[in-house]
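Take a look at the structure below.
The values are calculated or read from the model by the stated rules, or taken from the named source; none is laboratory data. Everything numeric here is computed off the predicted structure, so don't read it as measured data. A quick note on method: Cβ atoms are made from the backbone with ideal geometry, for glycine too, and the neighbour counts reach across all protein chains shown.
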Amino acid sequence: MGKIISIILLITFTNLFPQGWNAIVETTIPFYPGTASKVDMFTNKDGIHIVVRYYQYPPGTDIFKYYLINTSGTVIRNTDIEVPGNVEFPNISGDDNIVYIVYKLGSNLKAKKSTDAGQTWSDIPLLPIGNNNCNGVDIVYGDNGLHVVYAMQDNGSDYETYYYKLNSSDQWVDYKNVTDFDANEVGGFPTVTVSANRVHVGYNTGNQSDPEVNQGIAKSRDKYNNDWQDPQVVFGSNSMIEKIFAGSTKLFDFYYELGTGFPHADLYVKERSFSGTNWSTPYLIQATADVNRIDAANTSDGKTHIVYPGAGSILYKYYESGTWSSTAQTIGDWYEHPNISAVSNDLYVIYGSSNNFIKYRHYDAAPLTPQNFAVSVYHTQYDSYPKLTWDLNNEPDVRENNQSGYIIERRIRESEFNQIATVSGTTSVYIDYTVHYAGSGIG
């Protein structure tokens, strides 16, 4: 639903909106189980950015597409990123102003960047990675750059995990073989996350190319400023599909442990401080879960949120004040490729449905109070008027025109506050031409 934020003189705000999950929306983005090999998403002020790789027949005619949807689930635009192209491991990330797409194409990692919400894309210099088998690529934006990890079968049947940073000048820097600690250190299926002054990389010592049958030791390694720390063992055996993630207050490592047999396994998480060396005892998130992607996101209120597959459904839990929510909530009716992202306190979830389309769900939280509210004087040749300014909210539903906006309220002297205007969510200035400034104070 649209949102309105009240901006009241004297810097008083009202946010009177219900919080909760909106209804599931079936988008018009195709998703054919077995042909959509990877779905990834990222959300910022402009909306929900989605990439999908479609397998096509005959081989060599595959399609890799980008979509932007609004918070109602409507497709705003779509772009063919590679047609045809044998794209592998597509990923999308960014910040409020930049969106990056990274994927493997042939013997290179290829990256594209957009600064206009996906209307145009510029090419980043190719990153050659060789012709050996690759079993994973992951990216995350943070700490003034894009952090990329990938794994190549460069050690016999074993994989090695590598790291690069794409800096603000679009140069690949800080190369590192993350698994070079000693001659026996190997690992693939890498994931990456960032916290203050640290890059955290997770990997698995198994040597399979399919993550759903790969089993090995889950490990992590940190880059602290410019130094790489010693690797740490997260879980000693039979783990698969790990995801390392920097929560608001803790570092998490999610993984499946093979229990009752494929396709079912037990989903666990361990935690530690960002600078720690000891992982906690495992916490069981879901017993006999369907093995599939785990995804996580942080909100401004300090919570960490996860989505993961249930028995033909998408399940949701959150972490707050050192505790995971006790009961998983079912928020989706299928379980393929679940993704979650967050902006402020809003959550955005997509997943592949059995109806051959991507479905979308939005947790609609009260918007954050606009920041840096100020009242000044606007002078013209003949008169002066109160001028209100503030920083725009970054929640995309606040910025969607005709659905949301800011309410301007005013009181004069001891009267009641009354609404005098509503401006769009993309407006951060209001001049009150009905009040003349004559040198007295403006509250």
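A few notes on this one:
- Subset of the stretch 335-354 that is aromatic (F, W, Y) and more than 12 Å from V39 (Cβ to Cβ) - its residue that is modelled with the highest pLDDT: Y348
- Restricting the stretch 88-103 to residues that are of a type in the set (D, E, K, R) and not in a strand (DSSP E or B), the residue that is nearest to the chain's Cα centre (by Cα): D95
- Residues being at pLDDT 85 or above, of a type in the set (F, W, Y) and surrounded by 15 or more Cβ atoms within 10 Å (Cβ to Cβ) - total across the stretch 418-441: 1
- In the stretch 145-155, the condition of being farther than 24 Å from P125 by Cβ and touching a Phe, Trp or Tyr at 6+ places or on another chain (Cβ under 6 Å) is met by at least one residue.
- Taking the stretch 283-311 as the range and being of a type in the set (V, I, T) and in a loop (DSSP other than H, G, I, E, B) as the test, the residues that pass are V291, I294, T299.
- Members of the stretch 202-243 that are in contact with a His (Cβ under 9 Å, 6 or more places away or on another chain) and more than 17 Å from N155 (Cβ to Cβ): S220, D222, K223
- Hits in the stretch 301-326 (condition: of a type in the set (A, V, I, L, M, F, W, C) and in contact with a Gly (Cβ under 7 Å, 6 or more places away or on another chain)): I314
- When V343, V375, V349 are screened for being in contact (Cβ under 8 Å) with a residue 60 or more places away in the chain, touching a strand residue (DSSP E or B) at 6+ places or on another chain (Cβ under 7 Å) and either buried (at least 18 other Cβ atoms within 10 Å of the Cβ) or within 30 Å of F89 (Cβ to Cβ) (or both), only V343 passes.
- For the stretch 304-311, the count of residues that are modelled with pLDDT of 95 or more and aliphatic (A, V, I, L, M) is nonzero.
- Residue ranges of strands (runs of 3 or more DSSP E) in the stretch 156-203 with at least 1 members farther than 20 Å from F89 by Cα and in contact with a Lys or Arg (Cβ under 6 Å, 6 or more places away or on another chain): 172-177
- Conditions (1) among the hydrophobic types (A, V, I, L, M, F, W, C); (2) without any contact (Cβ under 8 Å) to a residue 60 or more places away in the chain; (3) within 29 Å of E212 (Cα to Cα); number of the one not met by I98: (3)
- The listed residues are S280, S237, and the only one of them that is assigned to a strand (DSSP E or B) and either of a type in the set (S, T, N, Q) or assigned by TED's automatic domain parsing to the domain that holds N133 (or both) turns out to be S237.
- Within the stretch 312-428, strands (runs of 3 or more DSSP E) holding 2 or more residues that are assigned by TED's automatic domain parsing to the domain that holds F245: 314-320, 329-332, 336-343, 346-352, 357-364
- No other residue among D158, D138 is assigned by TED's automatic domain parsing to the domain that holds S209 and more than 24 Å from the chain's Cα centre (by Cα) apart from D158.
- Top-ranked residue of the stretch 129-155 - restricted to ones that are in a strand (DSSP E or B) and in contact (Cβ under 8 Å) with a residue 60 or more places away in the chain, ranked as surrounded by the most Cβ atoms within 10 Å (Cβ to Cβ): Y150
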